[in-house]
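Colleague: Here's a structure for you.
Derivation of every value follows stated rules applied to the coordinates shown; laboratory data play no part. Worth saying up front: this structure is predicted, and the values here are computed from it rather than measured. No Cβ is skipped: glycine too gets one built from the backbone with ideal geometry, and neighbour counts run over all protein chains shown.
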């Protein structure tokens, strides 16, 4: 490491709540070198975001105070400088980008103007000159038609382009240090790879130092020089990424690494490819040339344009009882719509869907009755999917009562069994979701699904919102349940590594169509389609020597780079 | 510019709305108990005279035929004759529309002038003394009914201090504005409390929100954070609230015009109701309805102009 540009020493942050002070950052020290990318790793609540906010004294709440320590930049202690001075440090010396560009960009302002605003304030230029600088920045962050895209509003761009715009806004102040707070967590894996590459390019071209906050060790392995592991506001270890990933000193770090889905230990050898007797068995799910089209709303009364949007275009798929099938694809690929159509929750425009022999189109009433009694869904956000006013026990009792599968006097006992199954203490029957962690809520969500006694569980991105170690636990739970209950599992995810570790068969969707399908091991080892290759190549591997995206990755998917998603602004 | 296309075709949708409104008001007005002919003739009424008046104004016809004649007249730019004033209702309304329009416009402007600075002050000192003061005032404002407020303003400013006229409407422009100050202040005080609450809540959320955080993270001074980012984003939800309230306020002018003796449509409406002047009630109700539709249309245009995400 070259000499330190920014030096944090014994930093402590205390939250003074109603029930006494709590130390959220505890004696934290680290250095950031010039041109270095430092990864701050930890789970939610580890204090990694708060640490970075503290560097520029941008506290999320007035109850948070820096109580000790120094943050040295150019011989000045940022914890002591005046309010006006720290403001000139923000943006100008230390810029920030955030996880969610949609909420952090001003929706009412043209993206070019948002960049020009920083140029005007920090570089003291105005009007035409600021616009010229902004156009240059747009080009640097990967906008192909800066002059036209300058006038676009954030909602007119895709998620990846919005993140590029936000990086552009940060660059408008010409900072030396960039804090990137989970910059790719909300993005698809191929877009994530593009954004990570952009950040690395900017480091090269501008000599930018970057603090990368992330929960994904794969990202750290691929982009960072050094890693700092945080837990409960303490620094557990810090060092060169190869040292930390190769010989982790702290047990927590070892666990974190072992939880990463790309670790060999976590990959199932293809569990008996549904033994060939299954050729005789009837498939549980039969989807035949399914089309799902939605009417396009917001069309002008007399306007032209397409009347319908095709979310699923001619998908055929069979799933055998007891099989675990992963459906992967980027946002907008139609994977959730496919699952919803299968459960009778989305309109079927054309084609046929049958569940256990009952056709949803021709025998709708019968098929729906069957579906409601034999299938269940697990959702992405466990907090939103559970009624906050019901205890877990009451919620399960409700399902059991409606299903009438167990006699009334057995309901209490059954609730206990369900909680045992998903690995929750029986006391959780009396708890409400808000007093539980994300992982515990998701277990409760799975218990609710199991209460139906389903043949089929559809899990829609059900681990996407969880920390890695929790993700690993939930995936293990599914693996265990599958074995014990002979469940059929349809696992929808954008995270290929998880699908790889859990599913026997994988279906790759792109723009509403299945582009590739087959045994997981086979598809991952030798993908036939360029799109699948690009998708797999974009997964950040925890091994730093397996680089992100092969030098000549699959074809460029130019949806993202062509700019305005809504087409030509007139 | 395709986002503004609705400005062209939306008025077509107004036609059925207005037709519906006209039918409802036409029927409802005739459900008011009492006979206009009897009111007109007063104590001198004889059965023969009443029958003559009823025939003269078409009141002896079945109601659907009356409505048909009404539409026929409307097509010729007439709304029928006022029983009381003996002139066409449309002409009568045009002479009365100016004070009401001026009252509504000045009240809305005044309420914005009161609400925006106070809400900004309160939001920026969230929880501080200024915030408490503004919330105290706005809670009081909601508690006081306009007619009471109007009387208090008259007693204090006109009777005690002799600063403003007690009632009436002036001749010259300056004189008219002078007469409008207290009536529009009455309305503005009620209206601004609603606006302050909405704006203050939105601003506090925006000040703590991601957009403001991102702006501060790039070193923007608090003035830019507030005026360029927080303010526009807080105004979006308030525009529609304002539109709904203007619709309500147009009806509310009835009370204020009566208290201040402003010769506007509200006053006209009250008199017309007392004298069972069907045609006038009908006409004024139609104009009020059209104004409400129009205000919401304008609010839609403003929303589209402020917020690029909105498509009508």
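Colleague: Rg(Cα) of the stretch A:329-433 divided by 2.2 N^0.38 Å?
Modeller: Numbers: Rg = 16.8 Å, N = 105, 2.2 N^0.38 = 12.9 Å.
Normalised Cα radius of gyration, the stretch A:329-433: 1.30.
Colleague: Shifting gears a bit: Neighbour counts of other C-beta atoms within 10 Å: give me B:298, B:293 arranged from fewest to most. List each step's numbers first, then the result.
Modeller: On the way: B:298 13, B:293 18.
Listing B:298, B:293 from fewest to most nearby Cβ atoms yields B:298, B:293.
Colleague: Evaluate the distance, in nm, between pseudo-label points positioned 7 Å from the Cα of residue A:349 and of residue B:91 along their respective Cα→Cβ axes.
Modeller: In this crude spin-label approximation the distance works out to 6.1 nm.
Colleague: Moving to a separate point now. Describe numerically, in nm with one decimal, the distance between label points set 7 Å from Cα along Cα→Cβ at residue A:426 and at residue A:16.
Modeller: That separation, rounded to one decimal, is 4.6 nm.
Colleague: Here is a further query. For chain A, what does the helix formula give at 222 nm: sum of -39500 (n - 2.57) over DSSP H segments with n ≥ 4, over the residue count, nearest 500 deg cm²/dmol? Let's see the in-between values first.
Modeller: Working: 21 runs with 202 residues, N = 570.
That calculation yields -10500 deg cm²/dmol at 222 nm.
Colleague: Mind checking the full-extension length gain between residue B:31 and residue B:125? Use 0.36 nm per residue of separation minus the Cα-Cα distance, one decimal, nm.
Modeller: Result: 28.5 nm gained on full extension.
Colleague: Go ahead and estimate [θ] at 222 nm for chain B from helices alone: -39,500 (n - 2.57) per DSSP H run with n ≥ 4, summed, over the residue count, rounded to 500.
Modeller: Numbers: 12 runs with 227 residues, N = 312.
It comes out at -25000 deg cm²/dmol, rounded to the nearest 500.
Colleague: Here is a follow-up. In nm, give the distance between the simple-model label positions of residue A:381 and residue A:206, each being 7 Å from the Cα along the Cα-to-Cβ direction.
Modeller: Label at residue A:381, label at residue A:206, 3.1 nm between them.
Colleague: Give me the percent relative contact order of chain B, please, defined on Cα pairs under 8 angstrom at least 6 residues apart. Intermediate results must be reported in sequence, preceding the final value.
Modeller: Working: 325 pairs, mean separation 82.0, N = 312.
Relative contact order of chain B: 26 percent.
Colleague: Now, a different point. Can you pull the Kirkwood radius for the stretch A:101-174, inverse mean 1/r over Cα pairs, to one decimal in Å? Walk me through the numbers before you get to the answer.
Modeller: Numbers: mean 1/r = 0.0857 Å⁻¹.
11.7 Å is the Kirkwood radius here.
Colleague: Hey, another quick one. How big is the antiparallel share of DSSP beta bridges in chain A, given as a percent to the nearest 5?
Modeller: Close to 55 percent.
Colleague: Once you keep just the Cα pairs under 8 angstrom separated by 6 or more residues, what percentage relative contact order results for chain A?
Modeller: Values: 1097 pairs, mean separation 89.8, N = 570.
Reported as a whole number, the value is 16 percent.
Colleague: What fraction, in whole percent, of alpha-carbon pairs in chain A exceed 43 Å separation? Provide the component values of the computation, followed by the final result.
Modeller: Details: 41044 of 162165 pairs.
Within chain A, distances greater than 43 Å cover 25 percent of Cα pairs.
Colleague: While we're on this one: From the C-alpha gyration tensor of the stretch B:68-165, pull out the three semi-axes of the equivalent ellipsoid (sqrt of 5λ each), sorted largest to smallest, in whole Å. Don't skip to the end; give the middle numbers.
Modeller: On the way: eigenvalues 364, 76, 28 Å².
One finds semi-axes of 43, 19, 12 Å for the stretch B:68-165.
Colleague: Also, quick follow-up: Using Cβ counts within 10 Å as a stand-in for footprinting exposure, how do B:198, A:209 rank, fewest first? Walk me through the numbers before you get to the answer.
Modeller: Details: B:198 20, A:209 24.
Going from sparsest to densest Cβ surroundings: B:198, A:209.
Colleague: Neighbour counts of other C-beta atoms within 10 Å: give me A:79, A:190, A:144 arranged from fewest to most. Intermediate values should be presented prior to the final figure.
Modeller: On the way: A:79 18, A:190 22, A:144 12.
Ordered by Cβ neighbours within 10 Å, fewest first: A:144, A:79, A:190.
Colleague: Next question, about the same structure. Relative to 2.2 N^0.38 Å, what does the C-alpha radius of gyration of the stretch A:1-152 come to as a ratio? Two decimals please.
Modeller: Cα-based Rg divided by the globular estimate yields 1.22.
Colleague: Over all distinct Cα pairs, what is the inverse of the mean 1/r for the stretch B:97-306, reported as the Kirkwood hydrodynamic radius in Å? Numbers along the way, then the final one.
Modeller: On the way: mean 1/r = 0.0535 Å⁻¹.
Taking every pair of different Cα atoms in the stretch B:97-306, averaging 1/r and inverting gives 18.7 Å.
Colleague: Kindly provide the pair-distance distribution of the stretch B:176-250 built from C-alpha pairs, with 5 Å bins from 0 and whole-percent values in order of increasing distance.
Modeller: Final binned percentages: 3, 14, 21, 16, 14, 12, 10, 6, 3, 1, 0.
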